[in-house]
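The values are calculated or read from the model by the stated rules, or taken from the named source; none is laboratory data. Please read all numbers here as calculations on a predicted model, not as lab measurements. Using ideal geometry, Cβ is built from the backbone for each residue, glycine included, and neighbour counts are taken over all protein chains shown. Just so you know, the surface numbers come from the protein's heavy atoms only, side chains and all, with ligands and any DNA or RNA stripped out. Shrake-Rupley method; radii C 1.70, N 1.55, O 1.52, S 1.80 Å.
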Amino acid sequence: MESLRELYRIGRGPSSSHTIAPTRAAELFKEENPDAEGFRVTLYGSLSKTGKGHMTDIAILDVLGHDRCRVIFSDRPEDELPHPNTMFFQTLDKEENPVSSMEVYSVGGGRIEVKGRSPEQPQDVYRLSSFREIRDYCMRKDLRLCEYVYETEGEEIKDYLYKIWGQMQAAIRRGLAAEGILQGGLEVHRKARYLYRQNHIDESPQTRENRLVCAFAYAVSEENADGGMIVTAPTCGASGVLPATLYYMQKSKRLSDDQIIDALATAGLIGNLIKTNASISGAECGCQAEVGSACSMAAAGLGELFGMEIDQIEYAAEVAMEHHLGLTCDPISGLVQIPCIERNAVAAMRAINALSLANFLTNTRKISFDVVIRTMYETGRDLFSKYRETSEGGLAKTYFE
């Protein structure tokens, strides 16, 4: 498996696959064609169907030039494509005739692959690639999961995780301070500030917890939806879940940054396992691969924060993913707003619930985390294409009926 640096990425929202990856592809194409007279970029599949709402065209034009590049949204059927997120870049001469080209696939989490070239594969740093292998290794060496991360990646990964945590906190603070309507045309009002500032005299501790966790999740998700800087955890569309849970626990339990870094390491390990053995792409496996994965990461991170045993952390991560199985990716108008923002808040609360169940019932479980990862991938591949980030089914369809 790859470094956590490849999972946690700082970038512009609203989508790792639709914004960060196209930006990287455009930068690569521009670097390789510095003297081009002009550019044409054709988007296919999910990038075409939801690209406007995800600001894919803006991300590309910002790199290649609004006056030098034309972006085309193709209606070519998805079953004719090599990948659900396909981009075709061309350079043009003065008469707008094609000169050179590059076919690129956005494969999830901000990663790209270029046709005809070796996949963009950072060096694998983790020799073990299943939870069972990692658990057995940690049990033999008396290591916590975060300690396994530090042993494998080196202590310097902590510096990177501190940077990641700083960006997560900054996104929460910006989101809590912002007001107004999100861009995109749905007239969605920002709600994080409103949630955070409510103060009911008779509010129960549980209600307060739910309200604050939701406020923090909304804060990051609204920043993402508005094109702000966030951290993929594991994606832009699910970027609010993990920060919300960790930020709430740090504030309410007065936990140190060092403890949060340990939680980020453990959560990242869980996300890495999902990315390696299944998918974190909504276009490939639906929202279960994004919000479901984020919920698993958050549940595991919380388990680390509270000093749970490895079996308990595994159970928390498994419960969190199991109850997102089959979740569709159906953003209205292709915008990462409805139901995406609310889903981040619900998943953050569900991660806390998964933690509680793991605390009480670990010894009764029957399903391993490895099994639920495999099940998620098979379920995602079986989902009809309308429910995999195309905005052709589910809420995206019925909202306008």
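Brief remarks on what is shown
- This model, with +1 at the C-beta of Lys and Arg and -1 at the C-beta of Asp and Glu, gives the stretch 175-254 a dipole about its Cα centre of some 340 debye.
- Semi-axis lengths (Å, descending) of the ellipsoid that matches the C-alpha gyration tensor of the stretch 1-52: 23, 17, 9
- Signed unit charges on C-beta, dipole axis of the chain, positive-most listed residue 312, 255, 82: 255
- Extension reserve of the residue 356-residue 333 stretch, reckoned as 0.36 nm per residue once the Cα distance is removed: 4.7 nm
- Computed with a 1.4 Å probe on the full set of protein chains, the accessible area for residue 148 sits at about 10 Å².
- Helical content alone sets the calculated 222 nm signal of the chain at -15500 deg cm²/dmol, taking -39,500 (n - 2.57) per DSSP H segment of four or more residues and averaging over every residue.
- Debye, to nearest 20: dipole size of the stretch 296-401, +1 on Lys, Arg Cβ, -1 on Asp, Glu Cβ: 200
- Euclidean distance between Cα centres, the stretch 276-325 to the stretch 214-251, Å: 16
- At an R0 of 25 angstrom, the distance between the Cβ atoms of residue 132 and residue 254 translates into a FRET efficiency of 0.10.
- Residue 160 versus residue 187: modelled label distance in nm, points set 7 Å from Cα along the beta carbon direction: 4.5
- Accessible surface of the chain [probe 1.4 Å, protein heavy atoms]: carbon and sulfur percent: 47
- Here the stretch 330-397 is described by how far its Cα atoms reach on the three principal axes: 44, 26, 13 Å, from widest to narrowest.
- Charge dipole magnitude, Cβ of K and R +1, D and E -1 - the chain, Cα centre, debye nearest 20: 920
- Ignoring lysines fewer than eight residues from residue 253 along the same chain, the ones with Cα atoms less than 28 angstrom from its Cα are 158, 163, 191.
- Taking all protein chains as they are arranged and a probe of 1.4 Å, the heavy atoms of residue 189 leave approximately 110 Å² accessible to solvent.
- Note on residue 142/residue 74: beta-carbon distance plugged into 1/(1 + (r/R0)^6) with R0 of 56 Å gives a FRET efficiency of 0.55.
- Selection from 236, 266, 328 lying farthest towards where the dipole of the stretch 229-343 points positive, charges on Cβ: 236
- The three principal axes of the C-alpha atoms in the stretch 247-401 carry coordinate ranges of 48, 33, 25 Å, sorted with the longest axis first.
- FRET E, pair residue 177, residue 208, Förster distance 30 Å, beta-carbon r, rounded to 0.05: 0.90
- Charge-dipole axis of the stretch 46-182 as Lys and Arg at +1 and Asp and Glu at -1 on Cβ define it, positive-most pick from 58, 129, 108: 129
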